[in-house]
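K.L.:
Below is the structure I would like to discuss, written out as structure tokens.
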Amino acid sequence: MAERDTVYTGSILRNEFLYRSWDTFQNVLRMEVRLKEPVSDDSLEFAVQESAGRYPYYCKKVIRRGEEYEITLNEAKLPVYKGSGGITLGSEEAHGHYLAAGYEDNRIFFDMYHSMSDAQGMIPWLKTVVYLYIKQKYGLSIPGGNIRLTGGGFLKGETEDPYSGLSIKRDITPLYEPEPVRNFLPDTRYAQSSGRIRYLIRASEPDIIRIAKGRDGSPTAVTAFFVKEVVKKLFPDREGLPLACGIAHSLRKNCMGRENYHDQVTLLNIRYDERTDTFPMDKQFTIGRGQIILQSDEDNMLYDIKKKAEFAEKLDALKTVRERRELYKKSPEQVVAHPETCTVSYVGDIRWGAIEEYMEEVYVYCDTLVSPLMVTLIPLNGYFYFSFLQRDDTPVYAETFTGLLNEAGVEAQIMGKEKDELCRIYIP
């Protein structure tokens, strides 16, 4: 195949790392683990620094030379800080690093630049740190199982550029691509005050799996349906506009596989119009799952990567950092161009191993609030832990969601509320 007939994918990751963050879109990922006892700062410091030997690819710094950048190995200590407010990743207080760990009471915060990795890529580092922390604090010999430790070597496909082995034709067409439309966006009628707020929810994993298996669904489809039902109940007059739920979807199946650490999240779309919204629950699950299967077809995913590659080519053609930063704000990513009613991100099934018994709760946070409501979920100890990231301070979404789940036979409760505090990003 002639080179001009295919797209060059070698600049995608570099350009996303350097430019996929700006003043209103910091693009930061946080995972929070709540332990059964208060955090020992000495044990956490040991675990974090020890983990760096297993994950050198997370130890990066950015050097700017005029209008060009170099991304290189960062041998400084990883930042460990006290408090929940976060720090500025990439800055002096982070020693130039783009990941960090914080702690407060019984909580450990794992912070990372989302353009470096996603939740699936971040989980192994979190598990390693928690494992080393437990061993150090309690002096226990616990089974490592599937924990990645220094000296074990990298897994197949763990570190490579996930797009490097792809040969994508420029004229590839997607199997299915929904037309961009104006979606219904919840207004602020229920707001008690402005400001980004997280409501934390726990729901029975077996109950949700039972609903999913009995109705051609998945945890993602179940969550999307009930979040959609929340909006439908709270906003009955939607002027005929469809309800759209963005679904975070990993490209790993199409690239280097599950073990690869790079950020490979794209966004699918489940759309509920006035007709489909009247169907029985079972049929709506089937329709939602069908839309996910159709949009995640291999040609669709390759087409998505092709758009990333062509956008990277446009960035490479520009001469200055300022031009590239301004262009990236016009990224073709759906999350930027076509806001959804809500967004759902499911980390996936996780084998926690021996560390699970030391963990009480776990949550995933992301500052990518492009829809009025973003919901993440992650499993632990027989429960799904949900984070509702909202643009307004109101309990109405979380209360309605848990109420609908309980009505459907799912044990669910609100665990708390927090102000949304995450790290910031600095690129020189």
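The values are calculated or read from the model by the stated rules, or taken from the named source; none is laboratory data. All values derive from a computational prediction rather than experimental measurement. Heads up, the Cβs are rebuilt from the backbone with ideal geometry, glycines too, and the neighbour counts pull from every protein chain shown.
K.L.:
Test Glu75 against the criterion of being surrounded by fewer than 16 Cβ atoms within 10 Å (Cβ to Cβ) and in contact with a helix residue (DSSP H, G or I) (Cβ under 6 Å, 6 or more places away or on another chain), and give yes or no.
P.N.:
Values: surrounded by fewer than 16 Cβ atoms within 10 Å (Cβ to Cβ): yes; in contact with a helix residue (DSSP H, G or I) (Cβ under 6 Å, 6 or more places away or on another chain): no.
Answer is no for this residue.
K.L.:
Can you tell me which of (1) among the aliphatic types (A, V, I, L, M); (2) in contact with an Asp or Glu (Cβ under 8 Å, 6 or more places away or on another chain); (3) within 17 Å of Val222 (Cβ to Cβ) is the one Val362 doesn't meet?
P.N.:
(3)
K.L.:
Can I ask one more? Gly66 is checked against (1) of a type in the set (Gly, Ala, Ser); (2) closer than 21 Å to Gln136 by Cβ; (3) out of contact with any Ser or Thr (no Cβ under 6 Å at 6 or more places or on another chain) and fails just one. What number does that condition carry?
P.N.:
Only one criterion in (1) of a type in the set (Gly, Ala, Ser); (2) closer than 21 Å to Gln136 by Cβ; (3) out of contact with any Ser or Thr (no Cβ under 6 Å at 6 or more places or on another chain) is unmet by Gly66, namely (2).
K.L.:
Could you say which residue among Leu327, Leu241, Leu267, Leu315 is assigned to a loop (DSSP other than H, G, I, E, B) and surrounded by fewer than 22 Cβ atoms within 10 Å (Cβ to Cβ)?
P.N.:
Numbers: Leu327 fails: assigned to a loop (DSSP other than H, G, I, E, B); Leu267 fails: assigned to a loop (DSSP other than H, G, I, E, B); Leu315 fails: assigned to a loop (DSSP other than H, G, I, E, B).
Selected residue: Leu241, the only one of Leu327, Leu241, Leu267, Leu315 that is assigned to a loop (DSSP other than H, G, I, E, B) and surrounded by fewer than 22 Cβ atoms within 10 Å (Cβ to Cβ).
K.L.:
So which residues in the range 84-117 are charged (D, E, K, R) and crowded, with 24+ Cβ neighbours inside 10 Å? Give the steps one after another, and end with the answer.
P.N.:
Initial filter on the range 84-117 (charged (D, E, K, R)): 92-93, 104-105, 107, 111.
Across the range 84-117, the qualifying residue is only Asp111.
K.L.:
Assuming Ser194 fulfils every condition listed in (1) over 30 Å from Glu421 (Cβ atoms); (2) among the small types (Gly, Ala, Ser); (3) assigned to a strand (DSSP E or B) apart from one, which condition is it?
P.N.:
In the conditions (1) over 30 Å from Glu421 (Cβ atoms); (2) among the small types (Gly, Ala, Ser); (3) assigned to a strand (DSSP E or B), Ser194 misses (1) alone.
K.L.:
Residues in the range 1-44 that are in a loop (DSSP other than H, G, I, E, B), of a type in the set (A, V, I, L, M, F, W, C) and surrounded by fewer than 20 Cβ atoms within 10 Å (Cβ to Cβ): how many?
P.N.:
Selection size over the range 1-44: 2.
K.L.:
Same structure again: Taking the conditions exactly as written (out of contact with any strand residue (DSSP E or B) (no Cβ under 7 Å at 6 or more places or on another chain) and either of a type in the set (Asp, Glu) or free of Cβ contacts under 8 Å to residues at least 24 places away in the same chain (or both)), does Gly257 satisfy them or not?
P.N.:
On the way: out of contact with any strand residue (DSSP E or B) (no Cβ under 7 Å at 6 or more places or on another chain): yes; either of a type in the set (Asp, Glu) or free of Cβ contacts under 8 Å to residues at least 24 places away in the same chain (or both): no.
The answer is no for Gly257.
K.L.:
For Ile197, state whether it is outside the structural domain of Asn15 (by TED's automatic domain parsing), more than 30 Å from Lys307 (Cα to Cα) and crowded, with 16+ Cβ neighbours inside 10 Å. Can you show your working first?
P.N.:
Working: outside the structural domain of Asn15 (by TED's automatic domain parsing): yes; more than 30 Å from Lys307 (Cα to Cα): yes; crowded, with 16+ Cβ neighbours inside 10 Å: yes.
Against the criterion (outside the structural domain of Asn15 (by TED's automatic domain parsing), more than 30 Å from Lys307 (Cα to Cα) and crowded, with 16+ Cβ neighbours inside 10 Å), Ile197 qualifies.
K.L.:
Please identify the pairs in which a residue from the range 26-46 that is of a type in the set (Asp, Glu) has its Cβ atom under 6 Å from the Cβ atom of a residue that is crowded, with 17+ Cβ neighbours inside 10 Å and at pLDDT 95 or above, counting only partners at least 6 apart or on another chain.
P.N.:
Within 6 Å, the pairs are Glu32/Arg107; Glu32/Phe109; Glu32/Tyr363; Glu45/Val80.
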